[in-house]
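> Before anything else, here's the structure in question.
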Amino acid sequence: MFRNTYDSDNTVFSPQGRLHQVEYALEAVKQGSAAVGLRSKTHAILLALKRSTGELASYQQKMFRIDDHVGIAIAGLTSDARVLSNFMRQQAMGERMMFNRPMPVNRLVSSIADKAQVNTQEYGRRPYGVGFLVIGQDQSGPHLFEFSPSGNSYEYYAMSIGARSQSAKTYLEKHYESFADCNLEDLIRHGLHALRETLQQDKELNVNNTSVGIIGPMGQHEKPISPPGSFRILEGDNVEVYLQSMEKKEEAPAPASVPDAAPAPTADEDVQMSG
């Protein structure tokens, strides 16, 4: 049932210096559907693949608005994400009430990282089983952060988390140098191409399973919003115009045809042996 005698409690180190319960929580993030984040000089965006539990069920929510200047995409346990997103909203609201200003993005991410770290050190708690991609904008421009259940947080130019996210990372690593100067439409197209890499062979992106979150100036295909540049989530028909702009995926070359084998001799024929 257990990997070893050191994985039944998150406060016990293994002889190799590992906390197995924390590693299991990181595995829970890898089980969630993929989310991709990118940023340019003017925008930060999130793209997420929504899952449905069945034909009769709606697609699960993958993005949450925290404040006008912050939004998140999740991978992992949705219930844990709901608790942490509510905590982030309380922190952002407290900053506005006390100091009449939006909370700096890096400090907001650090606050949930500190909250998650407590669950890796105190007895009787379990780590959160969810990871976040956090986008935000402040005086220094757009930002993209990753938060993990281990309590770590990092800032990125582009990042992906969730199931089969390594395929998306490979795409992002190839193209990230061009992201800084992209406009919103090109940035979303890159994100959709990266998200498409995480799909199974028989699946395609559509208006039902794709969510796009944006922070930054309004794009060509968007309606005016208030306040300008605040976080907004595009779903349903609003995503269709971006899906139509995607380039078709290059199909793998067909395997070389194998020459037909010589027909087997019949019983009436002699088998000729080569000399």
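The values are calculated or read from the model by the stated rules, or taken from the named source; none is laboratory data. All of these numbers come straight from a predicted model, not from anything done at the bench. A quick note on method: Cβ atoms are made from the backbone with ideal geometry, for glycine too, and the neighbour counts reach across all protein chains shown. Each accessible area value is taken on the protein alone, full model and side chains, heavy atoms only, with ligands, DNA and RNA left out. Shrake-Rupley method; radii C 1.70, N 1.55, O 1.52, S 1.80 Å.
> Enumerate the strands (runs of 3 or more DSSP E) found wholly within segment 141-200, keeping only those where 1 or more residues are more than 11 Å from the chain's Cα centre (by Cα).
Working: elements: 141-147, 153-155, 158-161.
Ranges flagged: 141-147, 153-155.
> Exactly one of these conditions fails for PHE145: (1) touching a Pro at 6+ places or on another chain (Cβ under 8 Å); (2) over 28 Å from ALA57 (Cβ atoms); (3) not charged (D, E, K, R). Give me its number.
The single condition PHE145 does not satisfy is (1).
> Test PHE87 against the stated conditions and say whether it is within 24 Å of the chain's Cα centre (by Cα) and open to solvent by less than 40 Å² (accessible area, probe 1.4 Å).
Values: within 24 Å of the chain's Cα centre (by Cα): yes; open to solvent by less than 40 Å² (accessible area, probe 1.4 Å): no.
The answer is no for PHE87.
> For LYS249, all conditions in the list (1) open to solvent by less than 60 Å² (accessible area, probe 1.4 Å); (2) among the charged types (D, E, K, R); (3) touching a His at 6+ places or on another chain (Cβ under 9 Å) hold save one; what is the number of the exception?
Result: LYS249 passes all but (1).
> Just need a number here: residues in segment 118-140 that are open to solvent by less than 30 Å² (accessible area, probe 1.4 Å) and part of a strand (DSSP E or B).
The number of residues fulfilling the criteria is 7.
> Oh, and also: Of all residues being farther than 16 Å from ALA73 by Cβ and out of contact with any Lys or Arg (no Cβ under 9 Å at 6 or more places or on another chain) in segment 141-155, which is most open to solvent (accessible area, probe 1.4 Å)? Just the residue, please. Don't jump to the end; show me each part of the working.
Here is the first cut: in segment 141-155, the ones farther than 16 Å from ALA73 by Cβ are 141, 150-152.
Keeping just the survivors that are out of contact with any Lys or Arg (no Cβ under 9 Å at 6 or more places or on another chain) gives 150, 152.
Working: SER150: 31, ASN152: 71 Å².
Restricting to residues being farther than 16 Å from ALA73 by Cβ and out of contact with any Lys or Arg (no Cβ under 9 Å at 6 or more places or on another chain), the top hit is ASN152.
> Give segment 23-55 a look and list any residue that's among the charged types (D, E, K, R) and more than 19 Å from PRO149 (Cβ to Cβ), or say none.
Within segment 23-55, the first condition is being among the charged types (D, E, K, R), and the residues that meet it are 23, 27, 30, 39, 41, 50-51, 55.
Passing the criteria: ARG39, LYS41, LYS50, ARG51, GLU55.
> Would you be able to say whether some residue in segment 191-209 is open to solvent by 20 Å² or more (accessible area, probe 1.4 Å), in contact with a Gly (Cβ under 9 Å, 6 or more places away or on another chain) and either farther than 23 Å from GLN137 by Cα or hydroxyl-bearing (Ser, Thr, Tyr) (or both)? Even if it seems obvious, please write down each step before you answer.
Going residue by residue through segment 191-209, those that are open to solvent by 20 Å² or more (accessible area, probe 1.4 Å) are 196-197, 199-208.
This time we only want the ones that are in contact with a Gly (Cβ under 9 Å, 6 or more places away or on another chain), so: 207-208.
Applying the additional criterion that residues be either farther than 23 Å from GLN137 by Cα or hydroxyl-bearing (Ser, Thr, Tyr) (or both) yields 207-208.
Yes: segment 191-209 contains one or more residues that are open to solvent by 20 Å² or more (accessible area, probe 1.4 Å), in contact with a Gly (Cβ under 9 Å, 6 or more places away or on another chain) and either farther than 23 Å from GLN137 by Cα or hydroxyl-bearing (Ser, Thr, Tyr) (or both).
> Right, another one. With the checklist (1) buried (at least 17 other Cβ atoms within 10 Å of the Cβ); (2) in contact (Cβ under 8 Å) with a residue 40 or more places away in the chain in hand, flag the one item ARG164 doesn't pass.
(1)
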